[in-house]
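Enquirer: One structure, pasted below without further comment.
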Amino acid sequence: MTHKKNDTQERNESQETFEAMLREKLQQAVRTALVSVLEAEVDAFIGAVRYERSEQRQDYRNGHYASSLGTTVGDTDDLPVPRTRRGGIKRRYSSGIIAAGTIWIRPLGRCLSGE
């Protein structure tokens, strides 16, 4: 009996380790995707990519501010959200995702919770 308990305990620990590693990798992937989307959105809003000179330019970049965003895979702290000088982009970010502070990733939640 002791041997079976140890095997079961080792499997459970192994499963927990795997799920923690998977969750961490997914958090990194979500963060990378969000940063890419936000940067692309600013490029589109401004009308020029970073350091590009363009007659179509509407505004200029003005650094970043840190924001936290809750997801079903965990919180994304210190997400670098780009700013513009005139501030017009703040109202447009990803259909309000940053303003709302939460994004749901349903398939992952089902995968890890067994639903």
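Enquirer: Mind listing which chymotrypsin sites (Phe, Trp or Tyr not before Pro) in segment 1-78 are in a DSSP loop and have 15 or fewer other Cβ atoms within 10 Å?
Expert: Taking segment 1-78 and a limit of 15 other Cβ atoms within 10 Å, the loop chymotrypsin sites (Phe, Trp or Tyr not before Pro) found are TYR51, TYR60.
Enquirer: Which of the trypsin sites (Lys or Arg not before Pro) found in segment 44-91 are in a DSSP loop and have at most 15 neighbouring Cβ atoms, other than their own, within 10 Å?
Expert: Taking segment 44-91 and a limit of 15 other Cβ atoms within 10 Å, the loop trypsin sites (Lys or Arg not before Pro) found are ARG50, ARG53, ARG57, ARG85, ARG86.
Each reported figure results from applying straightforward, stated rules to the coordinates on display, with no laboratory input. Computed from a predicted structure; not experimentally measured. Note: ideal-geometry Cβ built from the backbone for every residue, glycine included; neighbour counts use all protein chains shown.
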